[in-house]
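Okay, so here's the structure we're looking at.
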Amino acid sequence: MKRKITLKQIAKELDVSISTVSKSLRNSLEIGEETRLKVQAFAKFYNYKPNNIALSLKNRKTKTIGIIIPEIVHHFFSTVINGIEHVANENGYSVIICLSDDSFDKEVLNMEMLANGSIDGFIMSLSKETQFRGDFHHITEVINQGMPVVMFDRVTNDILCDKVIIDDQYAAYEAVQSLIDKGRKKIALVTTVDYVSVGKLRTDGYIKALLDNDIPFNENLIIKIEDVDTCEITIGKLLEDKAIDAVFAVNELFAVTIIKTANKIGLNVPRDLAVIAFTDGIISKYSTPTITTVSQNGIKMGNKAAKMLIERLESAEDEEDENYKTDVIETHLIERESTS
């Protein structure tokens, strides 16, 4: 008897990516004919059966929601999970949480594992690598097979589904405007690479606030961090080489690193350098000085995402509604010592 084989094992055996295997099995023309035929022959030989979404299970409800997030050691994602769990438990649902670790392959494997009848629907925030690749075939397949998906925070316009977001551009605009209102004129931005959707939107808000206040936009004052392990070195160069008086950071980690680096080179926060960050977590409240933040309200975002998914799951089957909604959660600025 031939051994049972998985998508991951096929990819390993043939030395190709999981995405290549998945697309080859769907006969996608994106993959060369030779590779497609090789993958298909290998899968047939081992009698591979895709286990993602057995639609015969469509009417068998598990009362379980699958959550896929990029990372767990992050205050924002932790609060979103709390919000989801609260609404889910109130409605008799359990949750299963998987981490993509910002990996495309791991995100695909998580979806395949959960979509074999273990759950009724997904709530997810895209991994960095998925956004970089722009490959959402695994999500499209799930939706096409009748399993609802709700995206939050890191989303894509390429997928039609319900979404819960904040207005990242507007929130960033308001944060930078508050720095300008305090007399800061040379404001730097420490952000992520552009393919992360929230980073791109926050950069747009930063630029718009500067231009609306007739402050020249200087590309050299935008630092894009790809590797967090080296961010302290990059931030150090920014603070030493540029005569800046404020920094807007797109997350707490960057903000606390900015403050730490400023102290090392003799800059006082906030007298010499004002700092604002996204995400109002534990770090911001207990940092020295405490950090002014844009609050994203992860609990509310999680509540809303769970409600949207459960409404989809519990609507009558003959009332399939493809009028997908995008709900925007309000943000607000929490003033603390780093800007006062």
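The values are calculated or read from the model by the stated rules, or taken from the named source; none is laboratory data. Predicted model only: the values in this text are computed from it and were never measured. Every residue, glycine among them, receives a Cβ derived from its backbone with ideal geometry; neighbour counts consider all protein chains shown.
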**OP:** From VAL87, VAL80, VAL108, grab the single residue that is in a helix (DSSP H, G or I), among the β-branched types (Val, Ile, Thr), in contact (Cβ under 8 Å) with a residue 24 or more places away in the chain and under 22 Å from ALA11 (Cα atoms).
**Re:** VAL108
Original post:
Which of the residues belonging to segment 233-253 are part of a helix (DSSP H, G or I) and either more than 17 Å from VAL193 (Cβ to Cβ) or in contact with a Leu (Cβ under 9 Å, 6 or more places away or on another chain) (or both)?
Top reply: GLY236, LYS237, LEU238, LEU239, GLU240, ASP241, GLU252
Subject >> Residues of segment 259-290 that turn out to be over 23 Å from ASP241 (Cβ atoms) and either at pLDDT 95 or above or touching a Cys at 6+ places or on another chain (Cβ under 6 Å) (or both), as a count >> reply: 2
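Matching residues to (1) charged (D, E, K, R); (2) closer than 25 Å to MET111 by Cβ; (3) part of a helix (DSSP H, G or I); (4) outside the structural domain of ALA305 (by TED's automatic domain parsing):
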{"position": "GLU141", "(1), (2), (3), (4)": "yes, yes, yes, no"}
{"position": "THR156", "(1), (2), (3), (4)": "no, yes, no, no"}
{"position": "GLU174", "(1), (2), (3), (4)": "yes, no, yes, yes"}
{"position": "LYS185", "(1), (2), (3), (4)": "yes, no, no, yes"}
{"position": "VAL190", "(1), (2), (3), (4)": "no, no, no, yes"}
{"position": "TYR195", "(1), (2), (3), (4)": "no, yes, no, yes"}
{"position": "LYS208", "(1), (2), (3), (4)": "yes, no, yes, yes"}
{"position": "LEU211", "(1), (2), (3), (4)": "no, no, yes, yes"}
{"position": "ASN220", "(1), (2), (3), (4)": "no, no, yes, yes"}
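Results for (1) surrounded by fewer than 16 Cβ atoms within 10 Å (Cβ to Cβ); (2) outside the structural domain of SER78 (by TED's automatic domain parsing); (3) touching a His at 6+ places or on another chain (Cβ under 9 Å), shown as yes or no for each residue.
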| site | (1), (2), (3) |
| --- | --- |
| ILE258 | no, yes, no |
| ASN268 | yes, yes, no |
| ILE276 | no, yes, no |
| LYS285 | yes, yes, no |
| THR290 | no, yes, no |
| GLY302 | no, no, yes |
| ARG312 | no, no, no |
| ASN323 | yes, no, no |
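Of these, MET111, MET124, MET151, which one is under 21 Å from ASN27 (Cβ atoms), touching a strand residue (DSSP E or B) at 6+ places or on another chain (Cβ under 8 Å) and of a type in the set (A, V, I, L, M)?
Working: MET124 fails: under 21 Å from ASN27 (Cβ atoms); MET151 fails: under 21 Å from ASN27 (Cβ atoms).
Residue meeting the stated conditions: MET111.
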Subject >> Single match in ILE215, ILE187, ILE159 (criterion: within 20 Å of THR292 (Cβ to Cβ), surrounded by 14 or more Cβ atoms within 10 Å (Cβ to Cβ) and free of Cβ contacts under 8 Å to residues at least 60 places away in the same chain) >> reply: ILE215
Subject >> Out of TYR170, TYR206, sole residue that is over 16 Å from the mean Cα position of the chain (by Cα), buried (at least 21 other Cβ atoms within 10 Å of the Cβ), among the aromatic types (Phe, Trp, Tyr) and at pLDDT 90 or above >> reply: TYR206
